[in-house]
1. Examine the range 5-28 for a residue that is in contact (Cβ under 8 Å) with a residue 40 or more places away in the chain, loosely packed, with under 13 Cβ neighbours inside 10 Å, part of a helix (DSSP H, G or I) and out of contact with any strand residue (DSSP E or B) (no Cβ under 8 Å at 6 or more places or on another chain), and state whether such a residue exists.
2. Is it fair to say Tyr49 is touching an Asp or Glu at 6+ places or on another chain (Cβ under 8 Å), open to solvent by less than 70 Å² (accessible area, probe 1.4 Å) and either free of Cβ contacts under 8 Å to residues at least 40 places away in the same chain or in a helix (DSSP H, G or I) (or both)?
3. Tell me which residues, restricted to the range 29-46, are touching a residue at least 12 places away in the same chain (Cβ under 8 Å) and among the acidic types (Asp, Glu).
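The values are calculated or read from the model by the stated rules, or taken from the named source; none is laboratory data. Quantities reported herein were computed from a predicted structural model and do not represent experimental measurements. Using ideal geometry, Cβ is built from the backbone for each residue, glycine included, and neighbour counts are taken over all protein chains shown. Just the protein is used for accessible areas: all its heavy atoms, side chains included, with ligands, DNA and RNA removed. Shrake-Rupley method; radii C 1.70, N 1.55, O 1.52, S 1.80 Å.
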Amino acid sequence: MEVLKIKESTREQREEYIRVRYACKSDCENCGMCKVLKGKTPEIAFAEYIEGSKELSDIKLW
């Protein structure tokens with residue numbers, strides 16, 4: 001699934017992209033996504049992208 005640009009997508013499409021791309025795999029020892037997101041839910045970590053104020057590539061989690 002290709003990253004959706006803000007100008008080419010709706011809020012709902014971006015939210016769905018984040019939900020699918022960063023879905024919990026229920027395999028914490030092998031996944032590591034929670035560490036990348038620093039314990040935040042994907043919806044919170046990428047809220048600026050979902051809302052349309054920052055492109056996904058502009059969001060820094062560290």
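1. yes
2. On the way: touching an Asp or Glu at 6+ places or on another chain (Cβ under 8 Å): yes; open to solvent by less than 70 Å² (accessible area, probe 1.4 Å): yes; either free of Cβ contacts under 8 Å to residues at least 40 places away in the same chain or in a helix (DSSP H, G or I) (or both): yes.
Against the criterion (touching an Asp or Glu at 6+ places or on another chain (Cβ under 8 Å), open to solvent by less than 70 Å² (accessible area, probe 1.4 Å) and either free of Cβ contacts under 8 Å to residues at least 40 places away in the same chain or in a helix (DSSP H, G or I) (or both)), Tyr49 qualifies.
3. Filtering the range 29-46 for residues touching a residue at least 12 places away in the same chain (Cβ under 8 Å) gives 36-38, 42-43, 45-46.
Correct list: Glu43 only.
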